[in-house]
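Each reported figure results from applying straightforward, stated rules to the coordinates on display, with no laboratory input. Keep in mind that what you see is a predicted model, and the values were worked out from it rather than measured. Cβ atoms come from the backbone with ideal geometry, glycine included; neighbour counts cover every protein chain shown.
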Amino acid sequence: MSKTSTIQDALGVIKETDIGSYLEEVPLRTFDDVEEHLWVYFRRCLERLEGFKLMPAGMLKILRTYMVKYDVLNIKAALWGISTGRKARMIPVGVIHSYGVLDRLASAENLKDIVETLTECKLGNYAKILEEHEKHISGGAKSRLTAEAKLDSEYYKNMLDTSRATKDGVLFSKVCGILIDLTNLQIVSRAIIEGMGPDAAECTIAGGYLITERAIKDLLSLKMTELPHRLENTQYSDVASEVSSSYDRTGRITAVQEIIDKHQFRLLKEILSPRVLSPLVIAWYLIIKEVEIRNLRLVLKMIVDGMPVDEIKEYLVV
């Protein structure tokens, strides 16, 4: 795909795959069209799973709990929309979308509008967080990050609760802990780059697998180049090293998430890919589909922008 020069030629390479055959049937005139239909495809995959009559209860619970991550992302986008006065762009996946009120969330003019939408969609825990942290949301960037961290904490709390009621729950709990660790590493890296330092401790999430709250505070006081050494006795040393070198070379803060996403896949693969007779197979499926869409988005964006493949190669998850 990376050797082609048009979207149509690139899709021709994958026309025999499930996602390729879907994209071949929809109009793709701009990259916005590509992005929209990638999410529509993903949503259809989820709807297909939920429609299986013999889906084990444990797998269905993991599926529904996991996918609330997109509701959290959409809530954050709505908060951003309020602060900027611009209609937020939403991901058409999750509980709010299934209730048919995603556009209302995108058009929210104030916090009350968001809270009412979440309450209607039975996402009351998230609505309560927004009400309790109203002063943070109306504050500056750091204040909004604090409120967003509370939303993330609620999501991961629900994930951990699900793990305790699931077969192979110990492994699923480890997966959740690694996801929390990597989210915190991303927050720490961005905080160091943006000069927030230890003040960003309130923006991190409790419940990680290896990185404790005390360790997070220590990391926030470091320079980017010092992170790999401080994490050298953990499985995140290589992650921190690559994040540091990539940012130093490109100066792009978005490189932080792109590098961490790549390593997240590697770490979770080691745990989840061998679990074939377990409810955890659904979590692995979701992660694989997310990676597939992420890679396609990167490659097709590269083609549209006329970028050389070498500029995105290190960010592809393979």
> So, in nm, how far is label LYS122 from label GLU47 when the simple model puts each one 7 Å beyond its Cα toward the Cβ?
Replying inline: 1.9 nm
> What list of ³J(HN,Hα) values in whole Hz, one per residue of region 45-60 in order, does the Karplus curve 6.51 cos²θ - 1.76 cosθ + 1.60 (θ = phi - 60°) give from phi, with Gly and Pro shown as x?
Replying inline: 4, 5, 5, 5, 4, 5, x, 5, 5, 9, 4, x, 4, x, 5, 5
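Could you grab the relative contact order for region 69-166? Cα pairs under 8 Å, six or more apart, rounded to a whole percent.
Working: 95 pairs, mean separation 22.0, N = 98.
Across region 69-166, relative contact order equals 22 percent.
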> Of LEU102, ALA147, ILE129, whose Cα points farthest to the positive end of the dipole of the chain (charges on the beta-carbon: +1 Lys, Arg; -1 Asp, Glu; origin at the Cα centre)?
Replying inline: ILE129
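Can you order the peptides 306-312, 207-213 by their average number of other Cβ atoms within 10 Å per residue, highest first?
On the way: 306-312: 11.4, 207-213: 17.3.
Final packing ranking: 207-213, 306-312.
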> Between region 25-76 and region 160-226, how many Å separate their Cα centres?
Replying inline: 26 Å
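With +1 on the Cβ of every Lys and Arg and -1 on the Cβ of every Asp and Glu, and nothing else charged, how large is the dipole of the chain about its Cα centre, in debye rounded to the nearest 20?
Values: 42 positive and 45 negative charges, 114 e Å.
It comes to approximately 540 debye.
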>> For region 102-218, what are Rg and Dmax over the alpha carbons, in angstrom?
In response: 15.7, 43
> Can you list the lysines whose alpha carbon is less than 17 Å from that of LYS262, not counting same-chain residues fewer than 8 positions off?
Replying inline: LYS289, LYS313
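Roughly speaking, what % of Cα-Cα pairs in the chain are separated by over 26 Å, rounded to a whole number?
Working: 26228 of 50403 pairs.
That tail contains 52 percent of the Cα-Cα pairs.
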> Taking the mean number of other Cβ atoms within 10 Å as a proxy for protection, how do you rank 297-304, 273-280 from highest to lowest?
Replying inline: 297-304, 273-280
